[in-house]
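Working notes, structure below.
The values are calculated or read from the model by the stated rules, or taken from the named source; none is laboratory data. Because the structure is predicted, anything quoted here is derived from the model rather than measured. No Cβ is skipped: glycine too gets one built from the backbone with ideal geometry, and neighbour counts run over all protein chains shown. Each accessible area value is taken on the protein alone, full model and side chains, heavy atoms only, with ligands, DNA and RNA left out. Shrake-Rupley method; radii C 1.70, N 1.55, O 1.52, S 1.80 Å.
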Amino acid sequence: MYKLTFETSATHVPILSKPQLDIIGENLVGDFCPDAMTHPQEIDIDRFLTRYLGMELDYKNLSHCGLYLGMTVFEDCDSIPVFNFDKWRAEYISVKAGTVIIDNSLLEDKQEHRYRFTAAHEGAHEVLHPGYFANLAETVRSTGDFTPMVQCRVDTARIKGGRGTNRTDRDWMEWQANRLASAILMPKSMVIKVARQAQLRRTSVNAPLEAVAATFNVSNDAASYRLRELGFIR
């Protein structure tokens with residue numbers, strides 16, 4: 001597996017720019033599936049998680065209202081919260097380290113794109129943030145108030161980075177996971193290749209967006225955001 005090296009903050013949060021995350025995404029994809037870095041294609045995100053990152057993939061009800069879409073567990077733990085609809089109550093289960101849990105709602109019809117992005121987002125946490133949780137465990141384990149996992153909410157897609165922003169460590173990690181998820185599902189050089197080819201064909205005003213969404217099997221919103229980041233659309 002491709003080995004990452006990067007600077008971190010005092011609390012072990014990675015210090016990474018957008019271009020650096022794009023490079024990491026391309027290196028991960030190139031190591032996982034070299035052909036995907038010459039022939040633009042859909043990334044098999046389940047296989048990326050299970051075969052490449054060596055993670056376990058599981059499905060649970062993470063809340064009663066769809067608040068949480070995914071969760072990454074960094075250490076063996078017997079107090080991971082899930083929701084039991086039959087008994088209408090929260091319960092705690094045992095989960096092994098290196099497990100990604102996807103909310104059951106994402107297995108429903110018309111949720112494929114959200115499922116794929118959520119899975120990539122959780123994989124990004126596994127790639128970038130074990131050091132943060134290992135450091136946190138050493139800091140707070142003695143208090144007994146530590147659950148070694150990150151719960152990812154529906155609204156984390158709205159978290160944005162940038163200089164001068166007043167963000168917590170968790171905010172920065174969510175932003176990094178979002179950015180790396182995009183870079184894994186839509187590697188920068190392959191997005192540029194697809195978008196330029198679509199521009200040349202000029203089949204419609206939205207040809208680059210449509211081509212990127214179809215090629216990488218992502219939502220129009222995700223494709224639009226990626227193309228906007230790369231300067232293809234405003």
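Summary table
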read-out: Long-range HN-HN contacts of ILE80 with modeled amide H, under 5 Å; value: ILE93, VAL95
read-out: Accessible area (Å², 1.4 Å probe, nearest 10) - ASP86; value: 150 Å²
read-out: Virtual spin-label span in nm between TRP88 and THR139, 7 Å along Cα→Cβ; value: 4.0 nm
read-out: In sequence order, calculated HN-Hα J values of the stretch 47-53 (Karplus, 6.51, -1.76, 1.60; Hz; x Gly/Pro); value: 5, 4, 5, 7, 8, 8, 7
read-out: Helix-only mean residue ellipticity at 222 nm for the chain, each DSSP H run of n ≥ 4 adding -39500 (n - 2.57), per residue, nearest 500; value: -13000 deg cm²/dmol
read-out: Value of relative contact order over the chain, rounded to a whole percent, pairs C-alpha under 8 Å and six or more apart; value: 24 percent
read-out: Accessible area in the full protein assembly, largest first, 1.4 Å probe, for LYS188, LYS87; value: LYS87, LYS188
read-out: FRET efficiency, THR147 to THR50 (Cβ-Cβ, R0 30 Å, nearest 0.05); value: 0.80
read-out: Two-decimal Rg to Rh for the chain - Kirkwood Rh, Cα set; value: 0.98
